[in-house]
Each structure stands twice: as C-alpha cells, then as structure tokens.
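Report on the structure given below.
The values are calculated or read from the model by the stated rules, or taken from the named source; none is laboratory data. Quick caveat: nothing in here was measured; it's all calculated off a predicted structure. Positions of Cβ are backbone-derived with ideal geometry, glycine not excepted, and every protein chain shown enters the neighbour counts. Calculation scope for accessible area: heavy atoms of the full protein, side chains included, ligands and nucleic acids excluded. Shrake-Rupley method; radii C 1.70, N 1.55, O 1.52, S 1.80 Å.
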Amino acid sequence: MRQKTLKTKINCTGVGLHSGRRVKLTIGPAAVDSGILFKRTDLGEAGVVIPARWDHVVDTRLCTTIGNTDGVRVGTIEHLMAAFSGLGVDNAVVEIDGPEVPIMDGSADAFVFLIECAGLFEQSALRKRIKVLKLVTVSDGDATASLLPSPFPALDFALDFASPAIGRQERSVRLVDGAFKRELSRARTFGFAEEVEQLRKAGLARGGSLDNAIVVGSGRVLNREGLRYRDEFVRHKLLDAVGDLYLAGAPVDARFHAVRSGHALNNRLLRTLFADSEAWTVTSGEELTGADWVQPEPRQAMG
Ligand SMILES: [Zn+2]
C-alpha cells in the first residue's frame, strides 16, 4: 500500500458555519510524508501553514480548530479531514482564504466529490499506519472514548439525547472498502433550534441554516426534506470521529469506541495515546486486503 495524493488541484467556495464568511477552498497534491497541510492564503506568505495534527489542535468547542505558533488558525476542519481519511489521501495541501473550512451541506459529501473529481495519484513511498497496542481510554462526565487494538480501523458510537427526534442511537462501522463514502459521508451536522439564538449571540453559527445542518426543534426535525439516514445523527458523530482521528497523522489501526464523545474528548484520546510510547507503533505496507472481513451493509436512506 503506497501513499496517495491528489492528481491535480481543485477548488470550491462556501460559507463557514460559525463565521458566516464566504471562503474559497483549494485542495491539491503534496509530497510524500507531508501529511495534510492547511495554508491560509489571505494572511501573506510567512507562518501561514498549519499541519493537520493532534498536537496543533487549539480549540474543540463546537468544531475542531488547528493553529500554529504564529497564531494562525483554521476551524471546522473535521469533515474535510474525514473525507481525506475515508478516501485514503495521505498527503495534500489545503489552501483557504479565510478562518474556517466551508460547511457546504453540513456533511463530507462535497469534499468526497472534490477529491474524486481531482483523482488520486499513488506515490513512491509506503503508507504509514499507526497501530494501537493496548487499551487507551479517556472520559469526561458520562462521555467516554477509547482505542482498542484491532487489525483494521473500526468505530462504534452511542449517543443519547432527550429529544424524541434523536433519542438513543448506536452504530458500528468498519472503515474499509468504501464504507466511509457509503455509510457516513452524507450524514449532516445537527443542532437545536433552541440553541441557535444563544450561539449567534456568542458570535457562532452565523452561517448555519437548514441548508447545511439538521435542525431539531420541538422534538422534531425541521428540515422539510427529512433525514438522509434513519440514524443520521449517530452517523454524523462517527463522521466527526473519523476526521478527528485522522489528526493522528496517519490511519489508526484500532477500534474506536465512544459514548457521547465529541471533538474535545476525541483530541484528548489522541494526546493520551501519543503520551504513552508503549501504546502505539508505526507500521508500513502491512494493510490487510479486506476480502475476509468486509460485511457490506445496505444504505438506510430515507427522506
Ligand atoms: Zn461534524
């Protein structure tokens, strides 16, 4: 398994969910072992590159924001990172002329489309993978997130909301053979109508609308088109986790098991993993072929 990057540059425009700002996003090829690099093109030439890595995460309230020592930041990177992870992109440069990745339709669908349009190019070096060697767990109140040894990436997530529109949802996914695109990529972010005004007062969710989020109010989904999957909420939390975990800097061969986790806990999990040198190792070229353990699941599309 060799490293992959994009064949060509490709771009899109959209608004930031929290900033409400219109931005242009360009993704393009990068050299072997670069990883995913974000570059702010609106702030001059020096100190504007931020590696998309767990140790550059500077804020995890509502979204995942990375920054560098020059104080340059990019927010809401998780859905784009999920698309890179799900499609097996190791190296890419992301140029953006504003403080926040555009929210597009609230899912990773547009980013999957962009990456597929650009096409992937196989590079000379072998792909690195992070193998988790022992159980690592973090918790915060009734939320927990763990990584367990596994020969392939898999994720379990459980959430529980009082609103009858969501309730209790649980889902597991093996991140192999197109499962990300098929089962998670179209799941949208969600919010509560009751909280929108509070967020706006705090200068957040300025770009949020029924076009880029599922909005729940008075115990029901307010979007006229309904849901894309019966359990779209938990699928989106899995999508977020895929993006947050890709900040490890390489695919993580582990089972991610989470209850009510979010961006903050996902990042603490990576920090805890990398703080213990006996908990992980880097491998290359050992990826399983997939044929033995893939169990395709029919898409539960609704609405
Ligand atoms: Zn999200």
Filter region 59-78 for residues that are open to solvent by less than 30 Å² (accessible area, probe 1.4 Å) and among the β-branched types (Val, Ile, Thr); the one that is nearest to residue 46 (Cα to Cα) is 72
For residue 221, state whether it is β-branched (Val, Ile, Thr), at negative phi and surrounded by 19 or more Cβ atoms within 10 Å (Cβ to Cβ).
yes
Check: Condition test on residue 248, is it away from the ligand (no atom under 16 Å from the Cβ) and open to solvent by 60 Å² or more (accessible area, probe 1.4 Å)?
Finding: no
Listed by first then second residue, the pairs whose first member lies in region 8-28 and is at positive phi, whose partner is modelled with pLDDT under 95 and surrounded by fewer than 19 Cβ atoms within 10 Å (Cβ to Cβ), with beta carbons under 6 Å and at least 6 positions apart or on separate chains, are 20/206
Within region 53-73, the residues that are farther than 20 Å from residue 236 by Cβ, assigned to a loop (DSSP other than H, G, I, E, B) and not acidic (Asp, Glu) are 53, 68, 69, 71, 72
Only one of 200, 171 is outside any loop (DSSP other than H, G, I, E, B) and under 26 Å from residue 112 (Cβ atoms), namely 171
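Looking only at region 86-109, decide whether some residue is more than 26 Å from residue 25 (Cβ to Cβ) and of a type in the set (A, V, I, L, M). Give the steps one after another, and end with the answer.
Here is the first cut: in region 86-109, the residues more than 26 Å from residue 25 (Cβ to Cβ) are none.
For region 86-109, residues more than 26 Å from residue 25 (Cβ to Cβ) and of a type in the set (A, V, I, L, M): absent.
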Looking across region 1-58 at residues that are open to solvent by less than 50 Å² (accessible area, probe 1.4 Å) and hydroxyl-bearing (Ser, Thr, Tyr), the single one that is farthest from residue 119 (Cα to Cα) is 19
Report task. Can you confirm whether region 184-191 contains a residue that is of a type in the set (A, V, I, L, M, F, W, C) and open to solvent by less than 10 Å² (accessible area, probe 1.4 Å)? Result -> yes
